[in-house]
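Contents: one structure, followed by commentary.
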Amino acid sequence: MHAPTAPRVPSSGHCIFCDLIRGAAEVSICYEDATAIAFMDIQPVNPGHVLVVPREHYEVLQDIPGSVGLHLYQVATRLIPVVQASAGASDMNIVVNSGAAAGQNVMHYHIHLIPRRDGDGFDVPLPFPGSVMPNRQQLDAMAARIGSQLRDPLRN
Ligand code: 5GP
Ligand code: ZN
């Protein structure tokens, strides 16, 4: 458990998930504790589509204190088999859209738990059919670039 700290202000000024969390709008909660809350998505891909959300307003994963991020994934891990069984689903997509260009519409960090069944019509199209496959040299160069950034003491 992680005690809430001083409330953070959404950069957009208003946040629908902050409204839900403080009880200002209708929400169907399936799990909550001092740090995390999980509720039913109002526009589910399939029945049982759950959002796991920090109570505090953070936009993307890298904004979240490590202990809170870890806790969210522990909550998700606990919920996954229960949601799957409750929804009668065989599998699950665990999705995070991080940032507007990545399809994040609600800028309060959340993990989608999306129950899946064969032939349900939903798809996360990976590998991407439009991918231009890089050669090994290009892959190695990108890996090295990321690795050297990670080792840069000015970044940490
Ligand atoms: P995103 O596109 O940001 O990854 O996903 C936002 C999700 O929040 C969508 O799946 C959308 O259906 C859900 N959502 C948006 N507004 C509300 C709301 O007022 N209540 C609930 N329960 N879900 C919402
Ligand atoms: Zn918020």
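The values are calculated or read from the model by the stated rules, or taken from the named source; none is laboratory data. These numbers were taken from a predicted model, which means no experiment stands behind them. As a convention, Cβ positions derive from the backbone with ideal geometry for all residues, glycine included, and neighbour counts pool all protein chains shown. Areas reflect the complete protein model, heavy atoms only, side chains present, ligands, DNA and RNA absent. Shrake-Rupley method; radii C 1.70, N 1.55, O 1.52, S 1.80 Å.
For the chain, 30 have no disulfide-compatible partner, since no other Cys C-beta lies under 4.7 Å from theirs. Using a probe of 1.4 angstrom and keeping all protein chains present, the accessible surface of region 103-144 works out to 71 square angstrom per residue. Of the residues 58, 109, 73, the one that moves most in a GNM of the chain with alpha-carbon contacts below 10 Å is 73.
Per-atom-type breakdown for the chain gives carbon and sulfur 57% of the accessible area (1.4 Å probe, protein chains only).
With every protein chain in place and a 1.4 angstrom probe, the accessible-area ranking of 140, 118, largest first, reads 118, 140. Net length available on complete extension from residue 96 to residue 82 is 3.1 nm, with 0.36 nm assigned per residue and the Cα-Cα distance removed. Here the chain is treated with +1 on each Lys and Arg Cβ and -1 on each Asp and Glu Cβ, and its dipole about the Cα centre works out to around 420 debye.
Spacing of the modelled spin labels on residue 135 and residue 61, each 7 Å from Cα toward Cβ, amounts to 3.2 nm.
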